[in-house]
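Before any comments, here is the structure.
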Amino acid sequence: DRSLLQRITLCSSKSRCGGAMPTPAELEAKREANIKKKEEERARKVEEIKAKKAEKSAERQTENAKIDKKKAEEEQRRKDMEEKEKKRSEKIAAIEADRAKKAAEGG
């Protein structure tokens, strides 16, 4: 009988089976428990991978937001400097025009 041979092979040492040979139902239950355990482990690993991907995505979004904020601040500084330079140039032009007017008047 093949199942008897399997049981003898599986329980060749008393330390593995505690001296009693497992029944086919016990073997099936053990096999199903192992399958369930492997499925749970696989599902846990999938969840861990998903969590890591979500974490990395959140980190990327945070980094991108920081970069965008920095770019916006730099753009604002550049605009402020341009405006300041424009006002300075206008002020210098007004002073030079005033000097030219005084020189033309003979002042």
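Any read-out appearing in this document is the output of simple, stated calculations on the displayed coordinates, not a laboratory observation. Predicted, not measured: the structure shown is a model, and the values here were computed from it. Cβ atoms come from the backbone with ideal geometry, glycine included; neighbour counts cover every protein chain shown.
Miscellaneous remarks
- Descending semi-axes in whole angstrom, ellipsoid equivalent of region 22-104, from the Cα gyration tensor: 79, 4, 4
- Euclidean distance between Cα centres, region 21-44 to region 55-83, Å: 54 Å
- Computed label-point distance, nm, for sites Asn64 and Asn34 using a 7 Å Cα→Cβ extension: 4.6 nm
- Selection of trypsin sites (Lys or Arg not before Pro), region 60-107, meeting DSSP coil and at most 11 other Cβ within 10 Å: none
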